Amino acid sequence: MANLTKKEIDSALTLLQSLRDETGRIFIGQDELVTGVLCGILSGGHVLIEGVPGLVKTLAMTLGCDFNRIQFTPDLMPTDITGTHIYHSEKQKFVFYKGPVFTNLLLADEINRAPAKTHSALLEIMQEGSVTLDGKRYDVTEPFFVVATQNPIESEGTYGLPEAQLDRFMLKLNVEYPKPTEEIDVYRMHLTDGEPNPKSVKPVLSSKGILNLREVCNQVTVSESILNYVYRLIDATRKRRDLAVACSPRAALAVLRASRVFALMNGRGYVLPDDVKKMAAPAFRHRLRLQPEAYLEGICADDIITDLLSATEVSDQDFAE
């Protein structure tokens, strides 16, 4: 695979910066979150967000792609997501009516309020890129990506997501409070301009443009030394006694793919350990299961990831292109 040229890197960097700038114009104070979602989408993955950021519709507008939203509730049925066959009297046959999953960007809002059978239906679509109904397969639109929000597990009326579904999300992002100056900017904008309108953002890409940009991201160089560094991180999770479930190879692939996009966002056609460190927590946090004793001691997954990054040595070779 040929290395990216400076012209290709600069062109991609301009698009990526435009995406972040246009989204940030409406969505103030969440640069880290915007960056994380873009890293997931442009590396071909799905993203889970803890909290309710109100970001996704704005992002869909800037990406120039189709958008649907599903509000997950305890009575949501699988066919409410996938669609169903309905008998058409004039045609005298069953016709498939597509559900909201047939879109480019699907917002699965409060995903952990739905029961397991509904989660299973979404899992199949995330995994296979298609809906199977009555023995017939219907492919979803390309590109297709899910951005799901969930409430903290201690919230009333929530179901824990199964590990198989959590593992299908490339990244898990946490919504943080904005910096004081940024939050004041939000107040000022609402008072002077009213409620921000996502429809006012300008499309930067299109569905085809997303696929093209993904191809560019896939050409970012990942050296053998970076592969070895990621393996050392993954292997370190398997040696910890405070973890009941450690990172699988899927976690390694997630951090590598996201690191490619993050490297490109920083104007490079190659991955450095700093890119891996930046993407490690989003790629690992939802895949780690702590021992009960660790929970009782107040330890969380992010604490363990921080410890791993500090303890795993980075050699000079890891910084080579």
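Just so it is clear, none of the values below were taken in a lab; they were calculated from the coordinates. If you're wondering where the values come from, they're calculated on a predicted model, not measured in any experiment. Neighbour counts run over all protein chains shown; Cβ positions are idealised from the backbone, glycine included.
Things to note:
- In Hz, Karplus ³J(HN,Hα) per residue of the range 130-143 (6.51, -1.76, 1.60; θ = phi - 60°; x = Gly, Pro): 7, 10, 10, 9, 6, x, 10, 9, 10, 6, 7, 6, 9, x
- Percent of C-alpha pairs per 5 Å bin, the range 22-213, short to long: 1, 7, 15, 18, 18, 15, 12, 7, 4, 2, 1, 0, 0
- Amide H to amide H distances under 5 Å link TYR270 with THR221, where only residues 5 or more positions off or on other chains count and H is placed in the peptide plane.
- Taking other C-beta atoms within 10 angstrom as a stand-in for reagent exposure, MET126, MET279 fall in the order MET126, MET279, fewest first.
- Residue by residue, the range 165-176 carries 3J(HN,Hα) couplings of 6, 4, 5, 7, 7, 4, 10, 10, 10, 9, 7, 9 Hz when phi is fed to the Karplus relation 6.51 cos²θ - 1.76 cosθ + 1.60 (θ = phi - 60°); x denotes Gly or Pro.
- Lysine pairs with alpha-carbon atoms under 20 Å apart, the range 22-213, spacing 8 or more or separate chains: 9
- GNM result for the chain, Cα springs below 10 Å: residue of ASP134, ASP235, ASP275 fluctuating most strongly: ASP134
- Neighbour counts of C-beta atoms inside 10 Å place PHE72, PHE169 in the sequence PHE72, PHE169, starting with the fewest.
- Span-like helix ranges in the chain, DSSP H, alpha carbon extent 20 angstrom or more, Kyte mean at least -0.5: 224-238, 249-265
- Net length gained if the chain between SER206 and ASP303 were fully extended (0.36 nm per residue, minus Cα distance): 31.1 nm
- GNM flexibility winner over the chain from PRO115, PRO180, PRO162 (Cα, springs under 10 Å): PRO180
- Prolate/oblate/rounded label for the chain (Cα gyration tensor, a/c 1.5): rounded
- Sites counted here are trypsin sites (Lys or Arg not before Pro) in a DSSP loop (not H, G, I, E or B) having no more than 10 other Cβ atoms within 10 Å; the longest part of the chain that contains none of them is 92-238.
- Net +/- balance of residues flanking GLU182 in space, Cβ distance below 12 Å, scoring K and R +1, D and E -1: -3
- Antiparallel DSSP beta bridges within the chain, as percent of all bridges there, nearest 5: 40 percent
- Here the Karplus relation 6.51 cos²θ - 1.76 cosθ + 1.60, evaluated at θ = phi - 60°, turns the backbone of the range 65-82 into coupling constants of 10, 5, 9, 9, 10, 10, 8, 7, 9, x, 9, 5, 9, x, 5, 5, 9, 7 Hz, with x for every Gly and Pro.
- Footprinting exposure proxy for HIS286, HIS190, HIS119 (fewest neighbouring C-beta atoms within 10 Å first): HIS190, HIS119, HIS286
- Residues with amide H under 5 Å from that of VAL140, placed H, sequence gap 5 or more: SER130, VAL131
- Over the chain: helical MRE at 222 nm, DSSP H runs n ≥ 4 each giving -39500 (n - 2.57), nearest 500: -14500 deg cm²/dmol
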